[in-house]
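Worksheet: the structure to be examined is printed underneath.
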Amino acid sequence: MNIPVGKEGGEKGGGSKPVIPPEIRRLRGQYIAVALASSVLVLSMVLAFTNMVNWQSMCIGLDGLVDYIVSEGGELEESVQIEEIPLVADEEADPVTDILFPETSELAYETRYFTVTLDESGDAVAANTAHVATIDEATALAMGEEVAQGKARRGFVGDFRYAVTRLEGERTAVFLNVRAELASFWSFFSSSMMAGAAGVLMVLLISIPLSARAVRPVAESQAAQKRFVTDASHEIKTPLAVILSSADILEIERGESAWIDSIRKQVDRLDSLAGKLVLLSLVDEGRGELAKAPFDLAGLLSDKAEEFKAVALAQDRDIVLSAPPSLEYEGDRSRIDQLLGILLDNALKYSTPGSDVRVSLFRPEGGSVSLRVSNRVDCIEPGPHDEFFRRFYRADGARSSTGGHGIGLAVARAIVESHGGYISANSSDGHSFEIEAVL
């Protein structure tokens with residue numbers, strides 16, 4: 001198989017950007033994705049912990065104030081003095097007062113609260129709303145019955161923190177207005193979320209240039225490897241041509257022989273491998289320019305399937321084609337022809353003897369062209385199999401006996417991606433194998 005090589009001068013054209021191979025782009029994408037995922041995970045844990053601690057701290061402080069109101073009999077007198085609250089905890093001191101600020105003389109003026117007296121069945125029987133302006137008696141009674149029906153002893157109802165307790169022997173619900181505290185908490189929460197989002201954005205902005213530096217050694221190594229493969233492939237063609245010419249001379253001088261036929265077959269295999277390597281290198285380096293033009297893809301597929309029919313019958317297999325009468329597609333006809341040959345050849349090589357190779361071609365209205373090639377296999381792991389598109393990949397030792405190089409599907413992916421599409425391989429049940437190319 002001889003692959004025509006285009007002009008190589010284009011890669012050094014003035015002002016042209018170097019083409020980044022798809023695998024390097026994917027590697028950079030994975031680097032950025034890992035950096036983002038790590039930062040999101042760490043920041044989420046930090047923000048969650050910080051806001052939980054803030055919430056708990058707020059609740060403890062509010063519950064302390066509610067308990068203090070209870071300890072004062074439900075009435076905070078304006079005459080409360082600092083001296084009445086012990087600042088040093090001892091065995092006789094009320095631990096609730098330890099969390100209050102010394103300015104308790106202002107507490108009665110700053111604290112908005114009300115109490116609701118409940119009977120043992122949970123009905124509200126009385127309400128004291130003298131210390132709150134936004135709640136009337138009816139609303140207070142309704143709120144008291146609401147919390148009495150619940151099982152929680154403490155909690156929130158709207159802008160109020162409540163506690164159901166015993167006050168002078170009667171079951172009482174104390175409601176503390178905490179609108180300012182809740183507003184402060186949610187303001188902190190919003191600010192922390194925005195700070196976290198800003199942190200993730202900064203990680204993204206930093207990881208983009210850093211990812212380029214991180215993958216640079218890999219890119220340089222891969223570029224050197226591809227240059228070597230391209231140069232070696234070109235160099236191999238010359239001795240192969242000499243060997244083939246020598247075989248022709250030997251055949252003329254001594255006649256046909258199995259040894260000369262074997263030489264020709266091996267030369268063809270090496271020539272085919274060199275051509276595929278050259279094609280891969282050209283596509284990777286952005287020098288494999290496509291000669292795009294409209295053509296009948298359905299007709300090309302029908303001709304290619306007919307070409308492989310004889311091979312299939314010789315291997316006790318059959319090709320079942322499902323395609324429209326015609327399907328116009330704009331692309332490089334020679335490359336698409338090569339793609340069809342690779343997929344059909346791969347399906348015939350690795351399908352179960354006596355089974356059919358099914359090929360379907362269709363294009364949904366307004367969608368992309370979909371080419372599917374499926375075959376039966378003895379055993380394969382269910383699920384996607386992107387590894388088959390890696391160069392020189394071998395699933396097991398049995399694949400080596402088919403005579404392939406492990407590079408055909410890598411060439412297929414290069415052709416599909418050069419046309420702006422994608423290709424995938426999948427097994428739904430462990431005994432069927434399907435390759436789909438979307439063009």
Within the stretch 418-438, residues being in contact (Cβ under 8 Å) with a residue 40 or more places away in the chain, under 23 Å from the mean Cα position of the chain (by Cα) and either under 18 Å from GLY331 (Cβ atoms) or open to solvent by less than 20 Å² (accessible area, probe 1.4 Å) (or both) number 7
Subset of the stretch 305-337 (residues that are in a loop (DSSP other than H, G, I, E, B) and surrounded by fewer than 19 Cβ atoms within 10 Å (Cβ to Cβ)): GLN315, ASP316, ALA323, PRO324, PRO325, SER326, LEU327
Would you call VAL164 within 30 Å of ASP119 (Cβ to Cβ) and not in a helix (DSSP H, G or I)? yes
I need every pair where a residue in the stretch 180-205 that is closer than 16 Å to LEU43 by Cβ and small (Gly, Ala, Ser) has its Cβ under 7 Å from the Cβ of a residue that is in a helix (DSSP H, G or I) and open to solvent by less than 50 Å² (accessible area, probe 1.4 Å), sequence separation at least 6 or different chains. SER192/LEU47; SER192/ASN51; GLY196/LEU47; GLY199/SER39
Condition met for SER221 (among the hydroxyl-bearing types (Ser, Thr, Tyr), more than 27 Å from ALA133 (Cα to Cα) and under 24 Å from the mean Cα position of the chain (by Cα)): no
Residue match in the stretch 99-122 (condition: open to solvent by 60 Å² or more (accessible area, probe 1.4 Å), aromatic (Phe, Trp, Tyr) and at pLDDT 80 or above): no
Report yes if GLY275 is over 30 Å from ILE380 (Cβ atoms), touching a helix residue (DSSP H, G or I) at 6+ places or on another chain (Cβ under 8 Å), surrounded by 12 or more Cβ atoms within 10 Å (Cβ to Cβ) and modelled with pLDDT under 90, otherwise no. no
Can you go through ASP268, ASP337, ASP303 and tell me which one is modelled with pLDDT of 85 or more and closer than 30 Å to ALA247 by Cβ? ASP337
Filtering the stretch 159-181 down to residues that are within 19 Å of SER57 (Cα to Cα) and surrounded by fewer than 18 Cβ atoms within 10 Å (Cβ to Cβ) yields ASP159, ARG179, ALA180, GLU181
Some residue of the stretch 295-304 being among the aromatic types (Phe, Trp, Tyr), under 38 Å from the mean Cα position of the chain (by Cα) and not in a helix (DSSP H, G or I): yes
Mind checking which residues of the stretch 198-216 are more than 18 Å from ILE24 (Cα to Cα) and open to solvent by 60 Å² or more (accessible area, probe 1.4 Å)? LEU201, MET202, LEU205, ILE206
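The values are calculated or read from the model by the stated rules, or taken from the named source; none is laboratory data. All figures in this text were calculated on a predicted structure; none of them were measured in a lab. Positions of Cβ are backbone-derived with ideal geometry, glycine not excepted, and every protein chain shown enters the neighbour counts. All accessible areas refer to the heavy atoms of the entire protein, side chains included, with ligands and DNA or RNA removed. Shrake-Rupley method; radii C 1.70, N 1.55, O 1.52, S 1.80 Å.
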